[in-house]
Amino acid sequence: MGPVVEVQGSRVLVVGDDAAERERLASLLTEAGCPALAAERPEGTFDLLLAHGPQALLRSHVARQGAGQLRVATVIYLPEDAAGVFLPSDLAGTADEVIPVPVSDADLCRRLQELLRTRTPRTSLEHLERQRDMLGEIGQILASGLDIIEILQECVTRVTEMMGADRGSLLILGDTEVMHVMAASDDPSVCKLPLLLEKYPEVRAARESREVCVVEDAPHSPLLGPFAQAVAARGIGSLVCLPLCDGRQANAVILLRFAEERLPDQTPLACGRVAAGMIALGLRGTDIFERVREQTRRLSLAKYTAERRLRALEKYREFLESSTDAMFVTDAEGIVLYVNLAAEQLTGFAREALCERPVLDLVAEPQRPPLAEAVRHVATGTNLQNFDLDLLTTSGDPLIVSCATSSVLSDQGAAILSFRDVTEARALQNQLGQTKDFLERLIDSTVDGIVAADTSGNIILFNKGAERVTGWKAEEVIGKLHIEQLYQPGIARAIMRELRSGTQGAVGRLELSRRDVLARDGTPIPVNMTASIVYDEGREVATVGVFSDLRERLRIEERLRQAQEKLVLSEKQALIAELAGTTAHELNQPLTSVMGCIELLDRRMGPDNPHKHLLETVTREAERMADIVRKIGKITRYETKAYVGSTQILDLDKATE
């Protein structure tokens with residue numbers, strides 16, 4: 001048995017026992033303007049069937065009596081010879097016309113053309129009568145007391161037959177993106193099967209327009225878009241979608257599928273509209289829509305969401321499996337939908353034990369509420385900063401994991417959590433943090449000022465000692481002031497030159513030296529400073545300076561110098577006083593003798609003595625010396641006056657005041 005091949009536009013089917021003869025007849029009729037198809041076994045829909053030979057007529061009879069194997073308007077019997085003109089009694093009702101043989105090819109073609117012309121009106125009338133009968137049957141079914149599901153099944157079967165479709169189904173449309181197959185012409189067991197509306201653009205178009213949607217040449221239809229290829233793979237050539245409108249909305253549709261890519265001319269679309277309207281009216285008084293929606297809404301949404309998640313996960317599955325981090329995909333409630341191999345290795349649980357389990361069970365009790373809140377945020381499209389969790393494992397070993405989130409599956413209401421083991425890193429970080437805190441406390445408790453700057457001169461460290469010395473606050477300086485602003489112009493650059501040249505110590509180090517830094521009000525502050533360059537693998541990364549305030553030290557030194565000067569002066573004064581007393585005592589005795597001798601000489605000389613004036617001079621100078629000796633004896637302090645050049649001598653007048 002050869003396959004039946006249907007040609008678009010074919011109206012005549014040639015069936016015969018002799019393959020060569022039936023092919024010849026089909027070609028002859030086609031050339032004569034009657035598109036014909038040759039086949040060994042009759043099947044399909046045609047305006048006219050030409051049975052060549054009794055066996056072909058017998059097969060046509062069997063096919064015509066079968067369930068939808070052959071739909072043909074007229075059967076013509078062409079005997080193989082004159083003896084076969086008379087039909088057997090059991091086949092007498094099969095042939096509508098008999099063409100006696102012998103007959104020429106031209107007469108055969110002319111006779112068939114006449115039959116086609118005369119049969120067309122009759123065929124149309126037969127179609128109308130059959131459609132009327134079908135509509136009557138649909139009305140009776142709707143008025144019957146059958147279960148609503150049985151009613152839908154019978155109705156969709158009748159509409160499918162009436163429309164000449166290969167398959168028909170009735171779909172109820174919900175208020176979500178999910179619809180349900182309530183009945184199918186080829187499968188009575190189908191009921192409440194959920195389907196995604198997004199995969200059926202023809203149904204969406206009929207629902208929105210509330211008009212019949214006809215899709216011819218479905219494998220290449222722009223309406224079907226990316227789904228056209230899948231439709232072609234299922235052997236669907238064309239589609240008809242009949243909306244069942246209730247008021248202003250289409251609550252259901254009848255979807256009909258045809259194997260032909262172009263619908264036959266006799267496809268009764270008008271009758272299909274009437275049937276759809278009758279079914280819609282019949283369903284108006286039932287609660288089928290509400291019952292289906294209520295019974296399947298939650299299941300549909302869950303199934304729809306699950307399917308979308310699975311499809312979305314397929315795109316990322318390879319990436320998730322290749323990740324070295326433990327990857328968990330959860331829904332908005334934290335139920336685990338998927339884990340990768342790394343998650344099994346990290347937790348010690350098998351995938352079967354992790355899936356369908358709350359991810360909260362894997363963390364410590366105090367961390368479960370914030371983790372649940374984080375999952376809800378991520379599932380709604382919000383990415384969060386990484387955070388740490390204490391993970392519970394089968395081994396009981398405490399693990400600290402860093403949790404990263406991704407909202408790429410938020411459209412499906414899912415969240416991706418990535419766990420990375422950071423136990424050792426956090427322990428080291430804790431130790432480093434303790435060391436850092438200790439060093440910061442040590443630096444801040446240091447009396448000396450410590451200032452560090454990066455290679456651009458921006459201040460990055462300013463301790464409490466530096467605050468006390470300069471009057472600046474660390475928050476006013478760090479990242480805001482340049483190191484040059486702490487020195488008078490040019491000093492900072494000079495220090496850097498000294499550091500790099502090594503003239504004040506080793507290269508990269510500056511020995512203790514006297515410098516001035518500027519206070520917040522611009523006042524120079526004398527300090528002792530050391531400085532160094534910080535290297536990282538031979539590369540300069542920062543400079544640090546340590547300085548101590550010299551102001552108090554200088555004040556103390558000044559007071560000490562003044563005290564020393566006072567002490568020296570006091571010692572001088574005491575020495576002068578002692579020397580003066582000694583001098584006065586020692587000079588008074590010889591001076592007294594001199595004064596006595598002068599007085600004796602004055603008595604012995606007469607008034608006319610020529611040396612009288614010399615004695616008066618001696619007397620006057622002796623009295624002057626006596627006056628000087630008295631002043632020396634009265635010296636109480638050390639006062640000097642300039643003498644010759646830079647020489648200083650004792651000022652007797654001021655010293656005795």
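Things worth noting here:
- Qualifying residue in segment 553-570 (condition: surrounded by 15 or more Cβ atoms within 10 Å (Cβ to Cβ) and either among the hydrophobic types (A, V, I, L, M, F, W, C) or closer than 30 Å to Glu511 by Cα (or both)): no
- Yes/no for Arg500 being assigned by TED's automatic domain parsing to the domain that holds Gly538, buried (at least 18 other Cβ atoms within 10 Å of the Cβ) and outside any loop (DSSP other than H, G, I, E, B): no
- Matching residues, segment 348-377, being of a type in the set (Lys, Arg) and not in a helix (DSSP H, G or I): Arg357
- Qualifying helices (runs of 4 or more DSSP H) (wholly inside segment 182-298; at least 3 residues being modelled with pLDDT of 80 or more and over 19 Å from Ile148 (Cα atoms)): 201-209, 228-233
- Positions within segment 471-497 being loosely packed, with under 15 Cβ neighbours inside 10 Å and among the aromatic types (Phe, Trp, Tyr), in sequence order: none
- In segment 23-56, of all residues being under 17 Å from Val98 (Cα atoms), touching a Gly at 6+ places or on another chain (Cβ under 9 Å) and buried (at least 16 other Cβ atoms within 10 Å of the Cβ), the one that is modelled with the highest pLDDT corresponds to Leu25.
- Residues within segment 146-172 that are under 18 Å from Ala259 (Cβ atoms), assigned to a loop (DSSP other than H, G, I, E, B) and not small (Gly, Ala, Ser), tallied: 1
- Identity of the residue in segment 94-114, among the β-branched types (Val, Ile, Thr) and part of a loop (DSSP other than H, G, I, E, B), that ends up farthest from Glu80 (Cα to Cα): Thr94
- Checking each residue of segment 358-365 against the condition of being more than 25 Å from the chain's Cα centre (by Cα) and of a type in the set (Asp, Glu) gives at least one match.
- Check on Gln589, closer than 30 Å to Ile628 by Cα, touching a residue at least 60 places away in the same chain (Cβ under 8 Å) and in a helix (DSSP H, G or I): no
Results for (1) of a type outside the set (Lys, Arg); (2) under 27 Å from Ser456 (Cβ atoms); (3) free of Cβ contacts under 8 Å to residues at least 40 places away in the same chain, shown as yes or no for each residue.
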| site | (1), (2), (3) |
| --- | --- |
| Ala519 | yes, yes, no |
| Gly538 | yes, yes, yes |
| Thr543 | yes, yes, no |
| Ser548 | yes, yes, no |
| Arg555 | no, no, yes |
| Gln562 | yes, no, yes |
| Leu567 | yes, no, yes |
| Leu575 | yes, no, yes |
| Ala580 | yes, no, no |
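- Selection within segment 485-494 - under 49 Å from the mean Cα position of the chain (by Cα) and in a helix (DSSP H, G or I): Gln485, Leu486, Ala492, Arg493
- Test for Arg468: is it surrounded by 12 or more Cβ atoms within 10 Å (Cβ to Cβ), more than 36 Å from the chain's Cα centre (by Cα) and under 18 Å from Pro526 (Cβ atoms): yes
- Single condition Leu510 does not satisfy, out of (1) touching a helix residue (DSSP H, G or I) at 6+ places or on another chain (Cβ under 7 Å); (2) farther than 24 Å from Asp444 by Cβ: (2)
- The residues listed here are Leu439, Leu432, Leu417, Leu461; of these, the one that is of a type in the set (A, V, I, L, M, F, W, C), outside the structural domain of Trp472 (by TED's automatic domain parsing) and touching a residue at least 24 places away in the same chain (Cβ under 8 Å) is Leu417.
- Residue that is modelled with the highest pLDDT, among those in segment 398-418 that are out of contact with any Lys or Arg (no Cβ under 7 Å at 6 or more places or on another chain) and more than 15 Å from Arg376 (Cα to Cα): Ser418
- Taking the criterion of being assigned to a helix (DSSP H, G or I) and free of Cβ contacts under 8 Å to residues at least 12 places away in the same chain, the residues of segment 600-617 that qualify are Leu600, Arg603, Arg604, Lys612, His613, Leu614, Glu616, Thr617.
The values are calculated or read from the model by the stated rules, or taken from the named source; none is laboratory data. Source: prediction; values computed, not measured. FYI the Cβ positions are ideal-geometry reconstructions off the backbone, even for glycines, and counts take in every protein chain you see.
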